1. Show the residue pairs meeting these rules: Cβ distance below 8 Å; 6+ apart or different chains; first residue within region 22-42 and of a type in the set (D, E, K, R); second residue open to solvent by less than 80 Å² (accessible area, probe 1.4 Å).
2. Residue by residue through region 94-123, note down the ones that are open to solvent by 30 Å² or more (accessible area, probe 1.4 Å) and either of a type in the set (Val, Ile, Thr) or in contact with a His (Cβ under 8 Å, 6 or more places away or on another chain) (or both).
3. Restricting to region 192-218, name every residue that is open to solvent by 50 Å² or more (accessible area, probe 1.4 Å) and within 19 Å of residue 88 (Cα to Cα).
4. Being more than 19 Å from residue 218 (Cβ to Cβ) and either in contact with a Cys (Cβ under 9 Å, 6 or more places away or on another chain) or in contact (Cβ under 8 Å) with a residue 40 or more places away in the chain (or both) is the requirement here; does residue 154 meet it?
5. Considering only residues that are modelled with pLDDT of 90 or more and among the hydroxyl-bearing types (Ser, Thr, Tyr), look in region 225-246 and name the one that is farthest from residue 79 (Cα to Cα).
6. Please return the ranges of helices (runs of 4 or more DSSP H) entirely within region 157-229 where 1 or more residues are closer than 14 Å to residue 106 by Cα.
7. Can you tell me which of (1) assigned to a loop (DSSP other than H, G, I, E, B); (2) of a type in the set (Val, Ile, Thr); (3) modelled with pLDDT of 80 or more is the one residue 284 doesn't meet?
Amino acid sequence: MSTSVPTKAPAQVLRPDRKKSRLGYNVLALITAAFMAFPVYWLIVSSLRPNHEIRSYDQTLWPSSLTFDNFARAVKQDNFATAIQSSLIVSVTAVVGGMIIATLAALAIGRFRFFGRKALMMIMILVQMLPPTAMLIPIYLQLNALGGIDEYWGLIVVYLVSTLPFATIMIRGFVINIPVELEESAMVDGCTRMGAFRRVIFPLLAPGLAAASIFALVNAWNEYLFAYILINDNSKYTLNVWLMTFTTERGTDYGALMAASTLISIPVVIFFMIIQGKMATGLTSGAVKG
């Protein structure tokens with residue numbers, strides 16, 4: 001009696017045209033990445049150049065001499081510590097408050113059927129299409145009537161409301177993709193509705209919350225226009241408005257300005273690196289065993 005020996009399936013070989021296509025896409029991706037990374041590279045390099053080299057017409061990709069005096073002058077600039085404090089208070093409060101409200105709104109829109117639900121979604125999409133400058137004067141007048149000018153809470157409300165529609169729409173996309181049966185199974189096993197949300201729904205929403213929080217933080221941390229208009233007190237300037245202090249009647253200290261801009265970008269990069277891991281683990285956590 002003869003037995004047949006299973007043979008290994010031949011490895012899939014890409015055709016030459018597919019190899020060329022993949023190579024072309026890779027080259028295009030590298031060129032695009034280089035164009036996107038060059039401004040960041042130039043910012044960092046300029047922060048390490050002496051001022052006379054920054055003002056020179058003969059620019060090179062790498063400075064002839066490195067100096068950290070620009071960072072020293074940036075740190076010693078007036079109101080540096082208070083600007084960090086203001087940005088942290090406004091950004092963290094806006095992000096945390098926005099994520100809480102956006103999650104509750106996304107759950108309501110994604111889980112329940114009520115009158116005006118589609119109209120509400122359409123309104124949030126239309127609000128995102130409005131330029132911020134179109135709403136600047138009405139927002140200023142309303143906050144001025146409420147006493148929110150030169151107050152942290154006025155700027156926090158503006159940042160929170162500006163990111164709320166996008167965050168709600170994004171988190172809702174994750175909510176509708178989570179089967180209702182997962183929540184019902186947890187409640188059958190003895191969990192309350194809040195317990196089911198904490199143990200099952202919330203871990204599966206982690207990627208959406210991470211992406212929305214990154215968007216909210218970048219929007220609040222890098223925003224300049226509303227912070228410049230709504231905050232007039234020098235001791236409450238956020239970091240982006242504080243950068244104006246490097247421009248005086250005698251000119252602009254470009255070296256210190258580039259160094260300060262580099263320091264300002266570090267917290268956002270660190271936050272993104274932390275949240276990026278949460279986005280990957282949140283895709284599988286909370287799943288049921290089959």
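The values are calculated or read from the model by the stated rules, or taken from the named source; none is laboratory data. Quick caveat: nothing in here was measured; it's all calculated off a predicted structure. Heads up, the Cβs are rebuilt from the backbone with ideal geometry, glycines too, and the neighbour counts pull from every protein chain shown. SASA here: full protein model, heavy atoms, side chains in, ligands and nucleic acids out. Shrake-Rupley method; radii C 1.70, N 1.55, O 1.52, S 1.80 Å.
1. Taking only residues 6 or more apart or on different chains, the pairs are 22/14.
2. Within region 94-123, the subset open to solvent by 30 Å² or more (accessible area, probe 1.4 Å) is 96, 100-101, 104-105, 107-108, 111-120, 122-123.
Result: 96, 100, 101, 123.
3. Narrowing region 192-218 to residues open to solvent by 50 Å² or more (accessible area, probe 1.4 Å): 192-194, 198-199, 202, 215, 218.
Matches in region 192-218: 215, 218.
4. Yes; evaluated as a whole, the condition is true for this residue.
5. Among those residues, the one meeting the criterion is 228.
6. Here the list reads 206-222.
7. Evaluating residue 284 over (1) assigned to a loop (DSSP other than H, G, I, E, B); (2) of a type in the set (Val, Ile, Thr); (3) modelled with pLDDT of 80 or more leaves (3) as the failure.
Table: residues versus (1) closer than 30 Å to residue 103 by Cα; (2) in contact with a helix residue (DSSP H, G or I) (Cβ under 6 Å, 6 or more places away or on another chain).
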| position | (1), (2) |
| --- | --- |
| 216 | yes, yes |
| 223 | yes, no |
| 231 | yes, no |
| 238 | yes, yes |
| 257 | no, yes |
| 269 | yes, no |
